[in-house]
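Single-structure report; data block below.
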Amino acid sequence: AVGSSVCFTNAEKNTAHYRRYRIKFENTATGGDDFAMMEEIVGRRLEQIKKKGETPPDLLLIDGGPGQLAAAMKALHAAGMKIPVISLAKRLEEIYMPGRPLPLLLDRAHPGLRLLQALRDEAHRFGITYHRSLRGKSELHG
């Protein structure tokens with residue numbers, strides 16, 4: 001299992017801040033626990049930001065729904081950081097925000113939604129590329 005973190009600055013890719021993560025199963029309840037994996041990835045990225053003294057992001061976008069958002073919020077609180085965070089759920093492209101019971105639904109053509117989708121899709125692409133490279137390496141050494 002892997003995860004990724006991507007960064008956009010002024011709506012453009014900022015690959016210097018891209019990160020990829022191999023999930024440390026000993027840190028999660030089980031290998032298939034999506035929420036625990038999300039918490040681990042967000043927590044690790046936030047710790048890197050603090051350790052290196054980097055400027056925190058203006059917004060964290062989480063891929064998923066309310067459960068993934070809650071896991072990210074847990075990591076954010078554990079890191080002692082205050083960063084706005086939202087999540088984007090794939091099915092209807094619902095935008096979830098902490099403290100708001102109902103998701104925000106934007107028109108599919110809304111430029112803000114298009115940017116959020118681009119971020120999510122780039123994180124998927126980056127993570128899948130990493131997963132494929134690891135899988136290829138394991139087959140060679142298998």
Would it be correct to say that Leu88 is within 19 Å of Asn10 (Cα to Cα), assigned to a strand (DSSP E or B) and touching a strand residue (DSSP E or B) at 6+ places or on another chain (Cβ under 9 Å)?
no
Sort through Arg120, Arg135, Arg108 and tell me the only one that's surrounded by 18 or more Cβ atoms within 10 Å (Cβ to Cβ) and of a type in the set (Lys, Arg).
Arg120
When restricted to Glu47, Glu39, Glu26, the only residue open to solvent by 50 Å² or more (accessible area, probe 1.4 Å), at pLDDT below 95 and not in a loop (DSSP other than H, G, I, E, B) is Glu26
Of the conditions (1) free of Cβ contacts under 8 Å to residues at least 12 places away in the same chain; (2) loosely packed, with under 10 Cβ neighbours inside 10 Å, the single one that Asp33 does not satisfy is (2)
Can you tell me which residue within segment 1-10, out of those that are out of contact with any His (no Cβ under 6 Å at 6 or more places or on another chain) and closer than 14 Å to Leu115 by Cβ, is most open to solvent (accessible area, probe 1.4 Å)?
Asn10
Since Tyr130 meets every condition but one in (1) loosely packed, with under 12 Cβ neighbours inside 10 Å; (2) of a type outside the set (Val, Ile, Thr); (3) modelled with pLDDT under 95, which condition does it not meet?
(1)
Give segment 77-105 a look and list any residue that's closer than 22 Å to Glu122 by Cα and buried (at least 17 other Cβ atoms within 10 Å of the Cβ), or say none.
Val85, Ile86, Ser87, Leu88, Ala89, Glu93, Ile95, Tyr96
Looking for whichever is surrounded by fewer than 12 Cβ atoms within 10 Å (Cβ to Cβ) and on the phi < 0 side of the Ramachandran plot here; the options are Lys52, Lys13. Which one fits?
Lys52
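The values are calculated or read from the model by the stated rules, or taken from the named source; none is laboratory data. Computed from a predicted model, the values in this text were never measured in an experiment. A quick note on method: Cβ atoms are made from the backbone with ideal geometry, for glycine too, and the neighbour counts reach across all protein chains shown. Surface areas here come from the heavy atoms of the whole protein model, side chains and all, with no ligands, DNA or RNA. Shrake-Rupley method; radii C 1.70, N 1.55, O 1.52, S 1.80 Å.
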